[in-house]
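Input: a single structure, listed below in structure tokens.
The values are calculated or read from the model by the stated rules, or taken from the named source; none is laboratory data. All values reported here derive from a predicted model rather than from experimental measurement. Quick reminder, even Gly has a Cβ in these numbers, built from the backbone with ideal geometry, and neighbours come from all protein chains shown. Please note that ligands, DNA and RNA were not included when accessible areas were found on the heavy atoms of the full protein model with its side chains. Shrake-Rupley method; radii C 1.70, N 1.55, O 1.52, S 1.80 Å.
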Amino acid sequence: MSGYELWLFVHISAAIVWLGGAAVAQVFGILAKRSGDPARSAALGRDMAFIGPKVFMPASLVVVVSGAFLTEDGNWDWSEPFIWLGIVGWAIVSFTAFAYLTRAMGRVGARMAAEGPSPELGAEVNRLVLLARVLILVLFAIVFVMVVS
């Protein structure tokens, strides 16, 4: 196994953890909403506030670091469109998700647990879920660009 193959394995594995985990989180969100149980929705918000910084953030950092090693080890040029699009997409998703989304989900989950459901909190959850779905679509677009380039 070459160094390039090792970095490629690490890069793909971390992307799977990040993107796959985010997709599964959406499924759990749908199930929590359909259950009609505010406690389940609140617990999901608190869980996502934990999973974001403890699982998704490290995976995203591994993605970008291993991608940099792949670029250098694979003799790729940093001006390749799939590389700079990947970096820009990574930055947009990472900063939005980890600086805002996971914290907001944690706050909403805590408020829902303390106050119970309300139309205001429901609207906030729906807005945050929509943002998360847009970020997942951006991640899928990045993977697409990397696969076809």
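Observations on the structure shown:
- Screening Val108, Val55 for residues that are modelled with pLDDT of 95 or more, closer than 20 Å to Val134 by Cα and either open to solvent by 30 Å² or more (accessible area, probe 1.4 Å) or in a helix (DSSP H, G or I) (or both) leaves exactly one candidate, Val55.
- Residue, farthest from the chain's Cα centre (by Cα), within the stretch 31-52, restricted to residues that are at pLDDT below 90 and of a type in the set (A, V, I, L, M, F, W, C): Ala39
- Summed over the stretch 111-123, residues that are modelled with pLDDT of 80 or more and open to solvent by 50 Å² or more (accessible area, probe 1.4 Å) total 7.
- Criterion violated by Ala91 - all others in (1) surrounded by fewer than 14 Cβ atoms within 10 Å (Cβ to Cβ); (2) in contact with a helix residue (DSSP H, G or I) (Cβ under 8 Å, 6 or more places away or on another chain); (3) assigned to a helix (DSSP H, G or I) satisfied: (2)
- Among the residues listed as Phe69, Phe50, the single one being open to solvent by 50 Å² or more (accessible area, probe 1.4 Å) and touching a residue at least 60 places away in the same chain (Cβ under 8 Å): Phe69
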